[in-house]
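Presented below is the structure to which this report refers.
The values are calculated or read from the model by the stated rules, or taken from the named source; none is laboratory data. Everything quoted here is computed from the prediction, not taken from an experiment. Cβ placement follows ideal geometry from the backbone for every residue including glycine, while neighbour counts extend to all protein chains displayed.
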Amino acid sequence: MDLLSIDSLSDDQIATILDEGDRWVESNRSGAATHAPLGGRIVFNLFYENSTRTLMSFSVAAHRLGAEVVTLPVEHSSARKGETLDDTARTLNAMRPDALVIRHFENGAPARMAPIMDCAVINAGDGTNEHPTQALLDALTIRRHLGRVAGLKVAICGDIKHSRVARSNAKLLSRLGAEVRLAGPPMLLPDDLHGSGDVDRAIEGADVVMMLRIQRERLENDLGDAPGEYLSRYGLTAERLERAAPSAVVMHPGPMNRGVEIDSAVADDPERSLIPLQVETGVAVRMACLRLLVGSPSRPV
Ligand code: CP
């Protein structure tokens, strides 16, 4: 089984990942030793784009479960000599890993590798398409803090056009019964998702305000905004957050452009910001994903 998108998961599998992730958060906090359910398994990390959170949390998750982690430094790999993605998949598959965690700048790259690989392939973010484990960890973070996802109003604001996080969250949080509102600058709204250019309206009464990074590396034309202009027009400031529900929480998948899409006073607010919790939950959710995908024998001996 692979984890390529939110749609590749059944409702039961989503519930299993969230429930088990919940238990791993508590277990990781207590420092209780795990019984190494993935002992003897090998997880490959293959990251064609930069990452701090996803790469490290998959590595920590695998280690906590007793698996060995091997990370290919892509900048020193044969991809730099022109090897195709398909040939890289065939090469890595011949080493018989138990899971491949892949991040790639092209939409669909994990889905392209999956039929070539005998092991589980996990999408750790592909282009502007999907980042399913980010959405799963976001859902669990919300559930742990607010007690539920169903019925909540979740405003996802910023660079929607280039955001795989927005696409996966729009699918998952809607499936879990939330009202998802997407909003951002008109030039950063995509054709394939319904979004509004009015961030203030999206935040009105929201229970969760999730801000997204401007992905300047994916912009065809620079926004041409003056310093501070994006924050005042579209970013999350303490003043704008007052429009949200009184108990609203703040999220951001990271990395943050402080002072651009989010003001530091909001990002670092210990009462309202769930950003550090998102990272903690990320390890737990990825443990649950690895257990689900790799936990049973993947091939006969
Ligand atoms: N949220 C997220 O994907 O962060 P990284 O790019 O640091 O992995």
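Table for the structure above
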{"quantity": "Residue match in segment 213-234 (condition: within 29 Å of residue 151 (Cβ to Cβ), under 20 Å from the mean Cα position of the chain (by Cα) and not charged (D, E, K, R))", "calculated": "no"}
{"quantity": "Tally, over segment 117-145, of residues that are among the small types (Gly, Ala, Ser), under 14 Å from residue 169 (Cβ atoms) and more than 12 Å from the ligand (Cβ to nearest atom)", "calculated": "1"}
{"quantity": "Residues located in segment 253-273, provided they are under 24 Å from residue 62 (Cα atoms) and in contact with a helix residue (DSSP H, G or I) (Cβ under 7 Å, 6 or more places away or on another chain)", "calculated": "253, 254"}
{"quantity": "All strands (runs of 3 or more DSSP E) inside segment 32-109 with 2 or more residues being assigned by TED's automatic domain parsing to the domain that holds residue 121 and in contact (Cβ under 8 Å) with a residue 60 or more places away in the chain", "calculated": "42-47"}
{"quantity": "In segment 101-116, residue farthest from residue 1 (Cα to Cα) [restricted to those that are crowded, with 24+ Cβ neighbours inside 10 Å and in contact with a helix residue (DSSP H, G or I) (Cβ under 9 Å, 6 or more places away or on another chain)]", "calculated": "103"}
